[in-house]
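Here's the structure we're looking at; comments come further down.
Each value in this text was obtained by applying a stated rule to the coordinates, not by laboratory testing. Note that the structure is predicted; figures quoted are calculated from it, not measured. When we count neighbours, we look across all protein chains shown, and the Cβ atoms used for this are built from the backbone with ideal geometry, even at glycine.
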Amino acid sequence: MPLPIPTGLLHTPAAIARRALRRPSPLAGRTVLVTGASSGIGEATAVAVAARGARVLLVARRADELERVRARIGEAATAYACDLTDGPAVDALVERLLAEHGTVDYLVNNAGRSIRRSLALSYDRFHDVERTMAVNFLGPVRLTLGLLPAMRAQRFGHVVNVVTWGVQVKAPKFSAYIASKTALDTWSRIAGRETFFDNVTFTNMRFSLVRTPMTAPTEAYAGRGATPEQAAARVVRALEDRPLTVGTAVGAAAEVLNLVAPRGSDALLATVDRLFPDSRAASGGGPDACEIGRRSRRT
């Protein structure tokens with residue numbers, strides 16, 4: 001009698017890749033748009049979906065890096081430089097995409113900006129809130145709204161949002177970032193209910209730490225977290241299987257604790273907050289995650 005395979009081993013990137021080779025991917029022949037495709041999770045996701053036979057539309061702010069990724073993928077990819085915080089530019093992008101491709105079957109809202117900074121250092125930095133909301137919520141919602149009518153008309157579409165386990169954990173020092181991602185998470189759940197009978201669905205990817213340039217300014221994160229390729233493998237599986245939510249055990253446990261013992265949860269996280277101070281970058285000792293994310297990662 002064969003020994004059972006541990007469940008965790010079924011969901012590794014290697015295992016997912018082996019399954020993909022054994023069966024045709026539902027992504028084959030489809031059009032997949034990935035934002036923040038110039039590096040990190042976005043680049044790795046674009047490469048992975050192209051390997052499954054999809055046509056990949058790469059969207060990011062940095063045209064030079066976007067061209068590098070397009071060249072890496074080859075004929076299956078098309079690049080579109082766009083600043084997702086520029087509303088008219090997003091509208092023009094949607095018009096161009098629909099004219100050139102008819103419809104987008106899958107959308108990965110990956111472009112984002114993170115910042116880790118305590119409230120004590122944020123009293124005169126309301127622009128942190130404005131910046132994170134612009135990239136993490138307003139931009140993807142505007143893009144999604146532009147593409148949804150064509151998805152609903154063809155009665156097929158799927159949107160994957162790269163959000164954060166912070167939606168459940170509500171970790172200190174991430175008030176602006178987690179608020180913006182929570183807004184997108186909630187908006188998508190409601191949108192999915194309105195498009196349910198049109199076969200247009202949404203997945204919220206509540207990732208834990210992923211090693212990208214966006215996390216680099218926080219010294220405590222050095223060497224920690226999943227690789228972009230590991231995160232991309234999970235995104236690809238979400239595109240193919242279309243689950244409602246992809247999360248972590250820690251995130252789920254934190255969500256339960258927040259419900260059943262809210263004050264106890266507050267005390268626990270307040271203690272963690274004291275144990276891990278602001279990074280040198282957040283305190284003014286260098287470019288913060290917001291700036292590094294804007295310059296060298298995504299959007």
Amide H to amide H, which residues 5 or more places from Ala79 or on other chains are under 5 Å from it, using H placed in the peptide plane? Leu58
One-quarter of the Cα convex hull surface for the range 22-296, in nm²? 14.9
Once amide H atoms are placed 1.01 Å from N in the peptide plane, what residues at a sequence separation of 5 or more from Leu107, or on another chain, have their amide H within under 5 Å of its amide H? Leu33, His158, Val159, Val160
Charge-dipole axis of the range 22-296 as Lys and Arg at +1 and Asp and Glu at -1 on Cβ define it, positive-most pick from Ala76, Phe197, Leu268: Leu268
At R0 = 30 Å the Cβ-Cβ FRET efficiency linking Glu229 and Arg263, nearest 0.05, sits at 0.15
Please report the base-10 log of the normalised intensity I(q)/I(0) for the range 66-161, using a Debye sum with one equal scatterer per alpha carbon and no solvent, at each q in 0.13, 0.15, 0.23 (1/Å). -0.56, -0.71, -1.25
Where nothing but the Cβ of Lys and Arg (+1) and of Asp and Glu (-1) is charged, how large is the charge dipole of the range 19-130 around its Cα centre, in debye to the nearest 20? 760
Would you please name the chymotrypsin sites (Phe, Trp or Tyr not before Pro) within the range 61-136 that are DSSP coil residues with at most 10 other C-beta atoms within 10 Å of their C-beta? Tyr123
Could you pull out the GluC sites (Glu not before Pro) across the range 51-99 that fall in loop regions by DSSP (anything but H, G, I, E, B) with no more than 13 other Cβ atoms inside 10 Å? Glu75
